[in-house]
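To start, the structure itself, in C-alpha cells.
The values are calculated or read from the model by the stated rules, or taken from the named source; none is laboratory data. This one's a predicted model, so the numbers in the text were calculated from it and none came from an experiment. Cβ: placed from backbone, ideal geometry, glycine included. Neighbour counts: every protein chain shown.
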C-alpha cells in the first residue's frame, strides 16, 4: 500500500519538474476518417516488390482507401489540462513540426505534455503518415517547396531573393528568432502538399473532433484555415482556440458560432514587412472583430507589443518557443482550462 | 535526498510493471540523410495557398531537399537494452505500423519501451513523415495498394480472390491471428511507395546507423531487404538483427560480414500456402546457411514449430503480438543484450 502510494506520488510529480522524465499513462496512434474510392478499367501489372524477389500481381483497380488522417496521442500521468489539446500543423509540414526543433531543442509537443495536457498531434490528410491518393483521385500535382521558399516567405529572410545556397550569404531579418543555423535541417521536414484537398482535410479534422473532443485546438498557419472552419461547425466541442499565425480565419457571416469559444490569436514580429502576412493578419483581425461583435471573446497577442521581438512565422520552433508556450499556457489557465 | 531516492525508485519501477505508465527520460524526432537536387528551366507559377488568401509565387526551380528520413525516438527511464533498438517497417507502411494495432491494442513500440529499450522508429525515405520527391527526381509513379492486395498477399486471406468488400464474405485463413475485424482500419495506414528508391532508402538507413549505433535492428518484411544490406556494410555497428518475416536477405557472397552479428529469423504460419512467401522464406534460409558457413550465428524460429499457429505476415500486429515480442526479448537476453 505504501509502495503504491509512493509510486503514485512520484509519477504525479515527474511531469511538473522541468527536464524531468515524461511520465505517460498511455501513448499510441490511430487513423481516422477518409473514404473508399473504386477504380476500374486499368490493366493489371506484374511487379517485383523487392529486388531479386518473386514477381507479384499489382492491380490498379479495385477499392482504394483515401483521405484518412494519422493521429498520435500522448497522455501524461499528471493530467492538468481540462480537455485534450489538439495540435494542427501548417502547410507543407506534418505533426513533426511540433516535435524536436531543427536545432535539437524540445518542441511544443513535449512542452505541453509536461504542462499536463493530453496531446493529440495529427498529420493532415495527404501529409506524412496519412498517406496520399493517386492522380485518378485528386486533381492536380502536389506542390513542392524549394529551399528558398519558406526562408523567404516565413519571415526568416528579408523576403524574395534573401536565400542563398551558402548559409553565410543568406539575408536574415535582424534579430530573427528562427534557428537559422538549422534552416537546412528544417527543410528536411517540409513535405509536398496538394492545393485541391482542403475539403478532405476539413472532413477528417471534423471526425477527429467528433471522436476526441470536447477539446482545445491549437493550430499553426494553414492549420487555421481548417481549424476555424471545423470550430464553426462544432462550436460546442471546441472549448478554446489558440491560433498561432493563422493563415486564414473563419467565415465572417458565421462568426457568431464562436461566441462561446474563447480565442487567442498570436502573432510574431515583422508582419508589416511582408505583404502576405499583412493580408493574413488583417483577415484574422477582421474575423476577431466579427466574433466580438456577436458577444464572443478574442484575445490578440502581438508578441512585439509585449517586448518579444524577432519571431518568425515558425513561432513553434523559434529560439524562444518555450517562452511562447508559457504565454499560451497562462492564457489557457486564465480561461479556467488548467486544473 | 529521500524524495529524490524515492522518485528514482519509482521511475525505475514503472516501466517493468505491465499496464503501468511509460516513463521516458526523453522523446523526440529528427530527419537524417538525403541530398539536395537542383531543378531549372521551369516556368514560375503564382498560386493561392489558402482559399481567399493572398496569391504568392511558387518557383518549381531551385534547390530541393530530397531523400531524407524521419526518425522518432523514445528513451525509457529504466533502460535495460544494452543498445538502442531500431524498428524498420515493411513495404507500403510507415513506422506507425509498430504503434497501436488497427484494433487498438499496444504495438511493439510501447512493448519494447516497456522492456527497457531505447527505441528509434523511422519512416523509410519517401514514406510518411520523410516526404517524397517530384517526378523530375524519381523515376516512375508510386505504387498504390488496393484493399484486396495486403489481404490476399499477407497470409490473412486464403490468397487471390479471398478479399470481398463485405467483411462477412472475406475468406480468412483458418485460425488466422490477424485482427480481421479491423482490416479496413489497417488499410488506412497503408501508404504509396516507389519501386525506384531502394538505394536512397539504404543510404538514409546507413546514415541512421552511423548516427545512433551500435544498436540492434529489428526489421519487418521489406525492411529486411534494406536491413541486411546495411548490416553487411556496418557489421561492427549492428550488434544483433531480428528479421521478422524478412522479404529479402543479404548478398550470399558477403554473408561473412555478419559472422559476428547474431541473427534471429522469425516466421509466421502458412508460409507454404503462398508461393511468394515460400520464395522469400527460402531466400532467407539460404542466407542463414551462408552466414553460418562463415562461422556466424543465425537462429530461426518458425512459430508453428513452437505451437504458435495462425500468424499472418503482419506478426507485429497480430492478436498474439505481445507473445511474439516476449519471444524476441528472450532471444535478445540470451545474446547478452539485456541488462
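Within the stretch A:87-99, is there a residue that is part of a loop (DSSP other than H, G, I, E, B), within 30 Å of residue B:221 (Cα to Cα) and at the interface with chain B (Cβ under 8 Å from one of its Cβ atoms)? Yes: one or more hits. Quick one: would you say residue A:27 is out of contact with any strand residue (DSSP E or B) (no Cβ under 9 Å at 6 or more places or on another chain) and either modelled with pLDDT under 95 or over 29 Å from residue B:198 (Cβ atoms) (or both)? In short, no. Evaluation of residue A:102 against the conditions (1) facing chain B (nearest Cβ under 9 Å); (2) in contact with a helix residue (DSSP H, G or I) (Cβ under 6 Å, 6 or more places away or on another chain); (3) on the phi > 0 side of the Ramachandran plot shows that the sole unmet condition is (3).
Scanning the stretch A:250-271 for residues that are within 14 Å of chain B (Cβ to nearest Cβ) and either touching a strand residue (DSSP E or B) at 6+ places or on another chain (Cβ under 6 Å) or over 18 Å from residue A:209 (Cβ atoms) (or both) yields a count of 3. May I ask you to verify whether residue A:97 is closer than 30 Å to residue B:140 by Cα and in contact with a strand residue (DSSP E or B) (Cβ under 6 Å, 6 or more places away or on another chain)? Answer is no for this residue. When we screen A:108, A:88 for residues that are assigned by TED's automatic domain parsing to the domain that holds residue A:239, under 17 Å from residue A:33 (Cα atoms) and in contact with a helix residue (DSSP H, G or I) (Cβ under 7 Å, 6 or more places away or on another chain), the only hit is A:88. Out of everything in the stretch B:100-140 that is assigned to a loop (DSSP other than H, G, I, E, B) and free of Cβ contacts under 8 Å to residues at least 40 places away in the same chain, what residue ends up being nearest to residue B:221 (Cα to Cα)? Within the stretch B:100-140, the match that is nearest to residue B:221 (Cα to Cα) is B:100.
On the stretch given as the stretch B:216-240, residues that are more than 14 Å from chain A (Cβ to nearest Cβ) and either crowded, with 24+ Cβ neighbours inside 10 Å or free of Cβ contacts under 8 Å to residues at least 40 places away in the same chain (or both) total 12. Within the stretch A:242-254, being within 21 Å of residue A:271 (Cα to Cα) and not in a loop (DSSP other than H, G, I, E, B) holds for A:242, A:243, A:244. Considering the stretch B:139-170, and only residues there that are touching a strand residue (DSSP E or B) at 6+ places or on another chain (Cβ under 8 Å), more than 11 Å from chain A (Cβ to nearest Cβ) and farther than 18 Å from residue B:309 by Cβ, the residue that is surrounded by the most Cβ atoms within 10 Å (Cβ to Cβ) turns out to be B:170. Here is a check on your reading of the model: is residue A:66 buried (at least 20 other Cβ atoms within 10 Å of the Cβ), modelled with pLDDT of 95 or more and closer than 30 Å to residue A:136 by Cα? So residue A:66 passes the test. Restricting attention to the stretch A:43-60, does a residue exist that is within 30 Å of residue B:22 (Cα to Cα), within 8 Å of another protein chain (Cβ to nearest Cβ), touching a residue at least 12 places away in the same chain (Cβ under 8 Å) and in a strand (DSSP E or B)? Among the residues of the stretch A:43-60, not one is within 30 Å of residue B:22 (Cα to Cα), within 8 Å of another protein chain (Cβ to nearest Cβ), touching a residue at least 12 places away in the same chain (Cβ under 8 Å) and in a strand (DSSP E or B), which makes the answer no. Taken across the stretch B:181-190, residues that are more than 27 Å from residue A:40 (Cβ to Cβ), touching a helix residue (DSSP H, G or I) at 6+ places or on another chain (Cβ under 8 Å) and away from chain A (no Cβ under 11 Å) do occur, with at least one present. Here residue A:252 meets each of (1) more than 15 Å from the chain's Cα centre (by Cα); (2) more than 21 Å from residue B:49 (Cβ to Cβ) with one exception, condition (2).
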